[in-house]
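Below is one structure, written out as structure tokens, with a few remarks after it.
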Amino acid sequence: MKILFLILANILFLLTTKAETVFFTIKTDAPENKELQFALRIPKSQSSDSRIMVLFGGRNWQPDKTIKSYNFDKLADRHSLFLLSPGFKNDDYWQPEKWSGKALLEAVKYVREKYHLPDRKLFYYGYSAGGQCSNLFYAWNPGLVEAWGAHACGVWCKSEGLKQAPALITCGEQDTDRYLLSFAFVQSARANGASIIWRSYPTAHGLNPEALALARAFFESILSNSERRIKYAGDDQTLKFYPVPSKYEKQIDPELKSVFYSIETAELWQKQD
């Protein structure tokens, strides 16, 4: 009887710690988004410190495709993150001041109230048009955001006067126009005091597994480092990194300096095939 009880208890534990993806809609006035669908991945367990990470997909992606494609599941379960993804369609959704920003805030409010989450800052990550969202939504209301990242983004906000949060920006070098625009933004933002990791890859526009791995390590370093201390700095030209502070780190051109909160992030940034 005791063994049977333990087996049942273990089964119940597994059932109550299984991650789940649910869907809900937010009404908007945008013609193609009257019933805007969101996908929400609920982590295996909640805590009093559970947070929300918003994942913006490629142009007009279904929201569950975004969550599956980015594969942030282990990160989310480790830190009790709720992964929220909007199913935007056209209507200039990458411009949050028009309608989509309000819709996202309504969705965040709904999730917080339903799951009793604290009112804490968000995390943003996106690819392509989703990268535009990550950057432009951050610029629209930077006080809401803890950290953000974008891959293969071709539209950027102005960096002057922007309140800075840690960021990861990546792009394929064969994605020429986006690469040049992304690199120019990184240099401008750094000149204005931004803390940014920049990494390019010898690839085209597609969703890059290496960029995603670096993104997961980047957010892990943010979530695991409560004191938010920069531990290493890398030279974008040589892909070498050094402890902070050190005489070698001080010699890196500020506009070519990536900064890291963990050795794992620095090593993934440095890694080459």
Every pair of residues 6+ apart whose Cβ atoms lie under 6 Å, when the first sits in the range 81-97 and is basic (Lys, Arg) while the second is surrounded by 21 or more Cβ atoms within 10 Å (Cβ to Cβ) and at pLDDT 95 or above
89/33
Residue count for the range 194-203, restricted to those that are part of a loop (DSSP other than H, G, I, E, B) and either among the charged types (D, E, K, R) or in contact with a Ser or Thr (Cβ under 9 Å, 6 or more places away or on another chain) (or both)
1
Take residue 80 and decide whether it is out of contact with any Lys or Arg (no Cβ under 9 Å at 6 or more places or on another chain) and surrounded by fewer than 20 Cβ atoms within 10 Å (Cβ to Cβ).
no
Among the residues of the range 224-244, which ones are among the small types (Gly, Ala, Ser), farther than 21 Å from residue 191 by Cα and either part of a helix (DSSP H, G or I) or in contact with a helix residue (DSSP H, G or I) (Cβ under 8 Å, 6 or more places away or on another chain) (or both)?
224
Counted residues, the range 235-252 - those being in contact (Cβ under 8 Å) with a residue 12 or more places away in the chain and over 22 Å from residue 125 (Cα atoms):
9
Checking the structure you have, find out if any residue of the range 50-66 is assigned to a helix (DSSP H, G or I), over 15 Å from residue 25 (Cβ atoms), out of contact with any Gly (no Cβ under 8 Å at 6 or more places or on another chain) and of a type outside the set (Phe, Trp, Tyr).
no
Of the residues 188, 159, only one is in contact with a Lys or Arg (Cβ under 9 Å, 6 or more places away or on another chain) and either farther than 22 Å from residue 238 by Cα or assigned to a loop (DSSP other than H, G, I, E, B) (or both); which?
159
Within the range 88-101, is there a residue that is charged (D, E, K, R), surrounded by fewer than 23 Cβ atoms within 10 Å (Cβ to Cβ) and within 13 Å of the chain's Cα centre (by Cα)?
no
Checked 204, 211 against criteria (of a type outside the set (Val, Ile, Thr) and surrounded by fewer than 21 Cβ atoms within 10 Å (Cβ to Cβ)); the one match is 204
Please determine whether any residue of the range 88-101 is under 14 Å from residue 43 (Cα atoms) and modelled with pLDDT of 95 or more.
no
Tell me, which residue of the range 162-185 that is in a strand (DSSP E or B) and not aliphatic (A, V, I, L, M) is farthest from residue 234 (Cα to Cα)?
172
Within the range 245-266, track down each residue that is part of a loop (DSSP other than H, G, I, E, B) and buried (at least 16 other Cβ atoms within 10 Å of the Cβ).
252, 261, 262
Output the qualifying pairs, or none if there are none: Cβ atoms under 6 angstrom, residues six or more apart or on different chains, first residue in the range 170-194 and without any contact (Cβ under 8 Å) to a residue 24 or more places away in the chain, second residue of a type in the set (D, E, K, R).
179/173
I'd like to check something: does the range 18-27 contain any residue that is buried (at least 18 other Cβ atoms within 10 Å of the Cβ), at pLDDT 95 or above and touching a Phe, Trp or Tyr at 6+ places or on another chain (Cβ under 8 Å)?
yes
Being buried (at least 21 other Cβ atoms within 10 Å of the Cβ) and among the small types (Gly, Ala, Ser) is the filter here; which residues of the range 186-201 pass it?
189
Residue in the range 84-110 that is nearest to residue 133 (Cα to Cα), counting only those that are among the aliphatic types (A, V, I, L, M) and out of contact with any Leu (no Cβ under 6 Å at 6 or more places or on another chain):
104
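The values are calculated or read from the model by the stated rules, or taken from the named source; none is laboratory data. Every value quoted in this text rests on a predicted model; they were computed, and no experiment measured them. Cβ sites come from the backbone with ideal geometry, for glycine too, and all protein chains shown count toward neighbours.
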